[in-house]
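Worksheet for the structure shown next.
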Amino acid sequence: TKFTTSQTQCLMDLSSLIPLPDKEEEVRVAWRFPRVPKFVVIGAVVLPIFSFTLTYCLYFGLGHSHFAVRMLSDTINQLPESQVGAFILGIANFFMGSTLFMRYYYVKHQIKCLDHSSKNGEDGTNLNRVRKVNRRGLILGWASVIGAHGVASFQESSALPAHSLSAFVFFFGTWGYFVAHAWLDFHLVLETRFLRRLRVVLCVGEFLCFTGMSCCMIISACNGHVRRDDPDALEWQFAAALEVAAFLLFMLQLASWTPGFSTVQLDVGLSDIVLPNRRSVNPLQ
């Protein structure tokens with residue numbers, strides 16, 4: 001997509017990611033954080049990887065395993081791994097939710113930079129459809145964050161149904177969110193061609209991991225290896241490896257947003273509501 005000079009200036013306006021106020025509001029920028037968005041994305045990637053690396057070390061170091069490869073949920077099922085995982089993943093979920101919120105306004109800002117004289121963008125994309133995908137993607141993404149919080153809060157040993165439901169919401173909600181934003185990347189040309197293609201490849205890889213996990217679980221059930229702690233259940237070991245691979249692909253896809261946020265700053269503004277034909281009033285009165 002080719003942008004005009006005014007649209008290029010709009011793309012370089014780093015402080016317009018926040019919602020624009022109405023004409024009757026006067027906004028003053030109180031705090032400016034030029035590098036916060038980039039570090040929030042980095043925190044959303046590094047903290048989950050650090051958490052599961054630490055819980056895996058505790059899991060094997062304390063002798064809570066019987067063979068080499070186990071599911072991610074097993075590493076936060078016993079004390080003290082569950083407490084460590086819940087603490088770190090809780091902080092990671094905050095960074096994750098903040099990243100999804102900033103990504104929503106980042107895409108919304110790019111839509112505003114397109115020509116609004118018609119309903120379609122320069123590549124024939126219906127902007128109303130793009131806005132719907134962006135809004136629904138945010139809802140789906142936050143649902144996946146709640147699912148991730150449930151995975152860390154409910155252990156299999158004490159709340160298996162809640163843990164399983166949370167894991168389902170997290171994995172498939174996150175995958176659906178990334179698919180939606182891969183579609184947005186191609187229709188709005190948000191990133192370079194390499195990053196757009198990379199995200200599509202990652203989405204396909206995640207789908208293959210989920211398919212392989214499902215096949216391994218079905219084969220294990222057919223062979224009578226219902227429990228994952230059965231030393232002969234090689235299917236569960238393959239399923240665990242595929243789960244770890246899907247998780248790492250999620251983190252890699254999230255890390256691919258870092259270049260887009262490297263030129264974005266976070267502004268916190270204060271506004272005074274100005275009523276028609278009246279002076280500024282305190283909104284708390």
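Residue count for region 156-200, restricted to those that are open to solvent by 30 Å² or more (accessible area, probe 1.4 Å) and either outside any helix (DSSP H, G or I) or among the hydroxyl-bearing types (Ser, Thr, Tyr) (or both): 6.
Matching residues to (1) assigned to a helix (DSSP H, G or I); (2) within 20 Å of residue 250 (Cα to Cα); (3) at pLDDT 85 or above:
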| site | (1), (2), (3) |
| --- | --- |
| 37 | yes, yes, no |
| 50 | yes, yes, yes |
| 55 | yes, yes, yes |
| 64 | no, no, no |
| 67 | no, no, no |
| 86 | yes, yes, yes |
| 89 | yes, yes, yes |
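Considering only region 202-211, I want to know if a residue exists there that is of a type in the set (Asp, Glu), assigned to a helix (DSSP H, G or I) and in contact with a helix residue (DSSP H, G or I) (Cβ under 9 Å, 6 or more places away or on another chain). Yes, some residue in region 202-211 is of a type in the set (Asp, Glu), assigned to a helix (DSSP H, G or I) and in contact with a helix residue (DSSP H, G or I) (Cβ under 9 Å, 6 or more places away or on another chain).
Checking region 213-228 against the condition returns a match, with at least one residue being part of a helix (DSSP H, G or I), farther than 30 Å from residue 259 by Cβ, open to solvent by less than 30 Å² (accessible area, probe 1.4 Å) and not hydroxyl-bearing (Ser, Thr, Tyr). Among residues of region 126-140 that are in a helix (DSSP H, G or I), those with a Cβ under 7 angstrom from a residue that is open to solvent by 40 Å² or more (accessible area, probe 1.4 Å), sequence gap 6+ or separate chain, pair up as 127/119; 127/120; 128/119; 130/187; 133/183; 134/108. Among the residues of region 59-79, what is the count of those that are open to solvent by less than 50 Å² (accessible area, probe 1.4 Å) and touching a residue at least 12 places away in the same chain (Cβ under 8 Å)? Result for region 59-79: 10.
The values are calculated or read from the model by the stated rules, or taken from the named source; none is laboratory data. If you're wondering where the values come from, they're calculated on a predicted model, not measured in any experiment. Using ideal geometry, Cβ is built from the backbone for each residue, glycine included, and neighbour counts are taken over all protein chains shown. For the accessible areas, the whole protein counts, side chains as well, though only heavy atoms, and no ligand, DNA or RNA atoms are used. Shrake-Rupley method; radii C 1.70, N 1.55, O 1.52, S 1.80 Å.
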